[in-house]
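The values are calculated or read from the model by the stated rules, or taken from the named source; none is laboratory data. Keep in mind that this is a model prediction, so the values were computed, not measured. Virtual Cβ from ideal backbone geometry, glycine too; neighbours counted across all protein chains shown.
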Amino acid sequence: MKSEKPNTEYGAFELKKIYKKNYFIGFIAAIIFHLVVIALYIIIKPEGQYEPENGIKVRILKYAELGPPPSIIRNEPLTEKINAPKPNFGKPVAAKKGEAVSEFEVPKESGTQGDVKVEPPKVEVKKEVVDETYYVAVDMMPEPSGGIEAIQKKIIYPPNARRDKVEGKVIIKAFIDESGSVRRAEIIKGIGSGCDEAAIAAVMSSRFRPGRMNGKVVKVQLTISLVFKL
């Protein structure tokens, strides 16, 4: 037969009444216990060490504790230092009055090493720039003294040309300087048989009135035609 007041028998009512309170106290106590254990472990365990399951100790170093990196150059034995004798240039002599620097006295026992030639400093001579421009057309072209007829009279007819009856016109380019002299002459059109050389000789031996540009004498190249006719 069941009791009509089950909660009041055998202290069940008192146990249910304090159950929640005891559960809460036990939960708080367990949390505090675990926190204390973890704190003790952190305090007792050395900082920076880690011990894995295999028993090997691993230490974690900070960047500041790392030394310089190893050198990639192989360690080669140092060469033996050679103590060479210092050169002896003589004894210093005090500078004389008015001198900026002191001189050195050459020891008398020092032998001569040969004749020493002191060359004077080379002085660079600036060359005068000469204008070698020969104008083709100017205000007043050069004219031969006595005209073209004077040059024609200087021509010596070559014997071979006379024998072969060579006739024709030789065209020459003459380069005339400011003084009216012919510097050089070139054949533009020739007839051969010695006539070209005779024409150049006649032009080279002639004088010209120099050409002018803007009232100033200048170098001019002039084309001259000479006729060879028997």
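Mind checking whether some residue in the range 181-201 is in contact with a Phe, Trp or Tyr (Cβ under 6 Å, 6 or more places away or on another chain), assigned by TED's automatic domain parsing to the domain that holds residue 219, surrounded by fewer than 16 Cβ atoms within 10 Å (Cβ to Cβ) and outside any loop (DSSP other than H, G, I, E, B)?
Looking through the range 181-201, at least one residue is in contact with a Phe, Trp or Tyr (Cβ under 6 Å, 6 or more places away or on another chain), assigned by TED's automatic domain parsing to the domain that holds residue 219, surrounded by fewer than 16 Cβ atoms within 10 Å (Cβ to Cβ) and outside any loop (DSSP other than H, G, I, E, B).
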**Request:** Show the residue pairs that are 6+ apart or on different chains and have beta-carbon atoms under 7 Å apart, the first residue being within the range 180-208 and at positive phi, the second being aromatic (Phe, Trp, Tyr) and outside any helix (DSSP H, G or I).
**Result:** 180/208
